[in-house]
Amino acid sequence: MTDLIKFDNVTIFQDDRPVVNNLTVNIKTGEFVYLLGKTGSGKSSFLKTLYGDLNLNNGEAIVCGFNLMNLKAKEIPFLRRKLGIVFQDFQLLSDRNVYENLKFVMTATGWEDASKIKERILDVLSKVNLAGKEYKMPHELSGGEQQRVSIARALVNNPELILADEATGNLDPETSEEILVLLRKLSEGGCAVLFATHDMLVYNKFKSRTLIFEGGSVTEKN
């Protein structure tokens, strides 16, 4: 397994205020890692550094082969093609069906061949158990189905790493478990998953490597 994330003695700032101090962590391909901590503990700030939304200026930080310390603005789209991001609030385009939501992301990241776009969309929808739902509008789907669409969207570029930021925060316990099972299955297929949560009910369903964010520092337990 190769290192997808390598942070060495990194301090993460939010509005000139340090939120995570002296972070050193390595995450490899195929790992499923919980980011556990209260709201405001630095989990989301850490994820934002990984997709180039929050600048770093100290220590060493490598993600999917990109050096975050000298990351140029023009490199950020190429970094993000290696990542899949799943948010708490789904962030689907309400005026487009499932197919068009996924196609929008694909054309924005350089896909041009219509037949290959269709083939990939049907493939990822099958992976998240939404085959046959490609022409449904978001409002016609349950919350769990909408989150599955957002996971399918995260998968279209065959990412090395999925970042799930409170991905089950708006879902009921049973649906949350289904989403967690799906993400764990993806990690078993070789895609590393970082799953940020403060929901102990979700966390206690499955044990895995855990980074605990608390009081400006990060500790680890397996």
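The values are calculated or read from the model by the stated rules, or taken from the named source; none is laboratory data. These numbers come from a predicted model, not from an experiment. Don't worry about glycine lacking a Cβ; one is built from the backbone with ideal geometry, like all the others, and counts go over all protein chains shown.
Need the failing condition index for Val86 against (1) buried (at least 17 other Cβ atoms within 10 Å of the Cβ); (2) farther than 26 Å from Gly169 by Cβ; (3) of a type outside the set (Ser, Thr, Tyr); (4) in contact with a Lys or Arg (Cβ under 9 Å, 6 or more places away or on another chain), just the number.
(2)
Residues to consider are Arg148, Arg184, Arg81; find the one that is closer than 21 Å to Val33 by Cα, under 18 Å from the mean Cα position of the chain (by Cα) and at pLDDT below 90. Let's see the steps before the verdict.
Working: Arg148 fails: at pLDDT below 90; Arg184 fails: at pLDDT below 90.
None of the other options fit; the residue is Arg81.
Restricting the search to the range 127-139, which residues are in a helix (DSSP H, G or I) and more than 19 Å from the chain's Cα centre (by Cα)?
Pro138, His139
The conditions are (1) loosely packed, with under 14 Cβ neighbours inside 10 Å; (2) outside any helix (DSSP H, G or I); (3) at pLDDT 95 or above, and Glu119 fails exactly one of them. Which is it?
Result: Glu119 passes all but (2).
Could you list all residues from the range 183-222 that are part of a loop (DSSP other than H, G, I, E, B) and closer than 22 Å to Phe13 by Cβ?
Taking the range 183-222 as the starting set, the residues that turn out to be part of a loop (DSSP other than H, G, I, E, B) are 189-191, 198-199, 204-208, 215-216, 222.
Once the filter is applied, which keeps residues that are part of a loop (DSSP other than H, G, I, E, B) and closer than 22 Å to Phe13 by Cβ, the range 183-222 yields His198, Gly215, Gly216.
Taking the range 85-113, which residues are touching a helix residue (DSSP H, G or I) at 6+ places or on another chain (Cβ under 9 Å), assigned to a helix (DSSP H, G or I) and either closer than 22 Å to Ser187 by Cα or not aromatic (Phe, Trp, Tyr) (or both)?
Those that are touching a helix residue (DSSP H, G or I) at 6+ places or on another chain (Cβ under 9 Å), assigned to a helix (DSSP H, G or I) and either closer than 22 Å to Ser187 by Cα or not aromatic (Phe, Trp, Tyr) (or both): Val98, Asn101, Leu102, Lys103, Val105, Met106, Thr107, Ala108.
What pairs come out if I take residues in the range 97-116 that are surrounded by 16 or more Cβ atoms within 10 Å (Cβ to Cβ) and pair them with residues that are of a type in the set (Ser, Thr, Tyr) and at pLDDT 95 or above whose C-beta lies under 8 Å away, six or more apart or interchain?
Listed by first residue and then by second, the contacts come to Asn97/Tyr135; Val98/Tyr135; Tyr99/Tyr135.
Please tell me if Gly52 is in a loop (DSSP other than H, G, I, E, B), of a type in the set (Gly, Ala, Ser), over 19 Å from the mean Cα position of the chain (by Cα) and under 28 Å from Thr2 (Cα atoms).
In short, no.
Of the residues that sit in the range 146-188 and are of a type in the set (Gly, Ala, Ser) and touching a strand residue (DSSP E or B) at 6+ places or on another chain (Cβ under 7 Å), which one is farthest from Tyr51 (Cα to Cα)? Don't jump to the end; show me each part of the working.
Step one: of the range 146-188, the residues of a type in the set (Gly, Ala, Ser) are 150, 152, 154, 164, 167, 169, 176, 187.
Retained after the next criterion (residues that are touching a strand residue (DSSP E or B) at 6+ places or on another chain (Cβ under 7 Å)): 150, 154, 164, 167, 187.
Values: Ser150: 17, Ala154: 13, Ala164: 12, Ala167: 16, Ser187: 19 Å.
Checked the range 146-188; the qualifying residue farthest from Tyr51 (Cα to Cα) is Ser187.
Applying the selection to the range 142-172, what residues are more than 30 Å from Asp3 (Cβ to Cβ) and touching an Asp or Glu at 6+ places or on another chain (Cβ under 9 Å)? Break it down into steps so the answer makes sense when it comes.
Our first condition is that a residue be more than 30 Å from Asp3 (Cβ to Cβ); within the range 142-172, this holds for 142-146, 149, 170-172.
Once the filter is applied, which keeps residues that are more than 30 Å from Asp3 (Cβ to Cβ) and touching an Asp or Glu at 6+ places or on another chain (Cβ under 9 Å), the range 142-172 yields Gly143, Gly144, Asn170, Leu171.
Which one is surrounded by the most Cβ atoms within 10 Å (Cβ to Cβ) among residues in the range 170-217 that are out of contact with any helix residue (DSSP H, G or I) (no Cβ under 9 Å at 6 or more places or on another chain) and among the polar types (S, T, N, Q)?
Ser187
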